[in-house]
Every structure is written in structure tokens, then in C-alpha cells.
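A.B. asks: Structure below; questions to follow.
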Amino acid sequence: MRTQLALFVALLTFVGVALTYVVVLGLLHR
Amino acid sequence: MRRLLRDNGLVLFFATIFLLALLGQAVAGFHAFNDDQVAGGAAPVSWTTYLTSSDLGTDVAENWQSEYLQFALYILATVHLVQRGSPESKPVGEEGIESEQDQRIGAHAGHDSPAAARASGPRLWWYSNSLGLTMGVIFFGSWTAQAVAGHAAYNAQQLLDFQDPLGFGEYLAGPDFWDRTLQNWQSEFLAILSMALLSIYLRQRGSPESKPVGASHSATGVEG
């Protein structure tokens, strides 16, 4: 189940980083 | 390698088409954005400028929030509500959070149960609700990202049109934010409704999302 755990962590990391990127850019462009 | 691909085919397939669709959205969005720029009398922007603008972020986040809302609501609503005949529903009469025995928690946990299922108090509560909570947190995070990026993108367009920019509160109370939000919500709610209802009478052989082809229309909570 190590591959599945790696995919699980990768998804949450990707979504977290992407949303942080969008929020930071939005705040910078206000 | 072949085993890795086979064991994770569902996730890898959707990850691949997700990235391709996101790339396609960025390319199409870039051209649409520059068409608007030129029509508004402004110079076209570079690829880098578009990728670091709030336009792409708003368009992505508004779709993400509605998808995660869809799953969060579906996960939570199916705890307490049932639909006779649907494979997406628990059998009628089993509404609610079910017994510790049914859920294999506390003293009823098996040797292969996650450690948190053997715990009690807040740790057990958190783990018992972790799927819905995580979907809910990503929903609110995406909705916040849509609001912040949408505000920035809206004001950039206002300035291009020689209009006054809006404050954040004014933007949240205004039509652009709610048009973007509700146009996505309505389609997600229709999709859930359609899945719950169509799967009563229609079948997809081999799919766990469908009842077996020969299952009766009245069978509820039976997956193929």
C-alpha cells in the first residue's frame, strides 16, 4: 500500500499548493 | 511496473486526463484572455503573465470548489438519507451513523483495522469523519481561492473598462461571484440527482457504480 499512500499524499499536496498559489496571486494582484 | 500500472489504473487514468484537460484549459484560456485584451484596447499579454494572473486561478478554483462540494454533500447526505432502488444508497432503514459493530470500531475493530478505529474520543471522531471533513476543507479552500482570485481578476477587468474597482466585501455580495458559484453548483446537484435516480432503472455491466444487470429495480444499496 506504499504506492497508494504516496499517491494520496501527492494529491493532497498538489491541491494544497495549487490553492495556495491561487490565493497568493490573488492577494498580490489586489 | 505493469503491476503498478494495473493496481493504480483508476487513479493514474484520471490523473493523466486531469493534467491534459488543465493544460488545455490554460492554452484556451490564454487565447480567450488575449482576445478580450485586444478587444478592450489593451496589448496582449505573455504566457507567463497569464499563468501568474488571477484569471486562470479563478476559472480553475470555481470548478474545483463545486466538485469538492458535490462529494462532501454526497458523502454526508447519504449517511442520513436513502433512495429506494439506488446502488448509491444504503438500504432503507439503515439511515444514520450505524452501530460500533457495523462500523468495526472500538472493541469491534479487527486486527487489520486502522489504529484510529481502535481509539476513542476525539481521535476516533476525527477519523470517523475524515473523508467528509477533508472534502469539506478542500471545498472551503477552493471557494476562498475563487473569491480572492475572482476579486483580483474582476477588478483588473474593471480598470480595463475604466470602471471603479470593488472592495472584497462588495465583490462577495455582487453578481460575478454568485454567478460563477451557482452555475457550477447547479450542475453538480443535477449530476448527483441523475446518478441516484438513473441508477435505479439503468445498468452498466461490470461497474461498481451500478447494480448488477440482473438486480431488481427495487434492490437498494447493491453494487455490481
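Laboratory data are not the source of any read-out in this text; all were calculated from the coordinates shown. Here the structure is a predicted model, which is why all the values come from computation and not from measurement. Virtual Cβ from ideal backbone geometry, glycine too; neighbours counted across all protein chains shown.
A.B. asks: So, R0 is 45 Å and r is the distance between the beta-carbons of B:Leu131 and B:Asp36; what FRET efficiency does that work out to, to 0.05?
C.D. replies: 0.65
A.B. asks: For region B:1-48 and region B:51-102, compute the distance between their C-alpha centroids and round to whole Å.
C.D. replies: Rounded to whole Å, the Cα centres lie 26 Å apart.
A.B. asks: For chain B, what number results from the quotient of the Cα radius of gyration and 2.2 N^0.38 Å?
C.D. replies: Scaled against compact globular proteins, the figure is 1.32.
A.B. asks: Also, quick follow-up: Take the Cα gyration tensor of the protein assembly as shown, multiply each eigenvalue by 5, square-root it, and list the three semi-axes largest first, rounded to whole angstrom.
C.D. replies: Each semi-axis is √(5λ); the values are 40, 21, 20 Å.
A.B. asks: For region B:96-161, what is the convex hull volume of its Cα atoms per residue in Å³?
C.D. replies: That works out to 105 Å³ per residue.
A.B. asks: Using 19 Å as the cut-off for backbone N distance, which residues of region B:172-195 belong to the label zone defined by a point 7 Å from the Cα of B:Ala21 along Cα→Cβ?
C.D. replies: B:180-195, by backbone N distance to the label point.
A.B. asks: What is the diffusion coefficient of region B:1-45 in µm²/s, taking the Kirkwood radius over Cα pairs and the Stokes-Einstein relation at 20 °C with a viscosity of 1.002 mPa s?
C.D. replies: The Stokes-Einstein estimate is 167 µm²/s.
A.B. asks: Compute the signed sum of charges (Lys and Arg +1, Asp and Glu -1) over the other residues within less than 11 Å, Cβ to Cβ, of B:Glu98.
C.D. replies: Once positives and negatives cancel, what remains is -2.
A.B. asks: Enumerate by residue number the GluC sites (Glu not before Pro) in region B:125-224 meeting two conditions: DSSP loop (anything except H, G, I, E, B), and at most 14 other Cβ atoms within 10 Å of the site's Cβ.
C.D. replies: Hits after loop and neighbour filter: B:Glu209, B:Glu223.
A.B. asks: A further question on this structure: Taking 30 Å as R0, compute the FRET efficiency from the Cβ-Cβ separation of B:Glu223 and B:Thr144 and round it to 0.05.
C.D. replies: It comes out at approximately 0.30.
A.B. asks: So how far apart, in nm, are the two label points at B:Thr49 and B:Leu12 if each is 7 Å from Cα heading toward Cβ?
C.D. replies: Modelled inter-label distance: 4.1 nm.
A.B. asks: Turning to a different aspect of this structure: When N counts the residues of region B:54-138, how does its alpha-carbon radius of gyration compare numerically with 2.2 N^0.38 Å, as a ratio?
C.D. replies: Taking the Cα Rg and dividing by 2.2 N^0.38 Å, one obtains 1.38.
A.B. asks: Taking the 0 to 90 degree range and rounding to the nearest ten, how far is the long axis of helix B:54-80 tilted relative to the main principal axis of chain B, both from C-alpha atoms?
C.D. replies: 20 degrees
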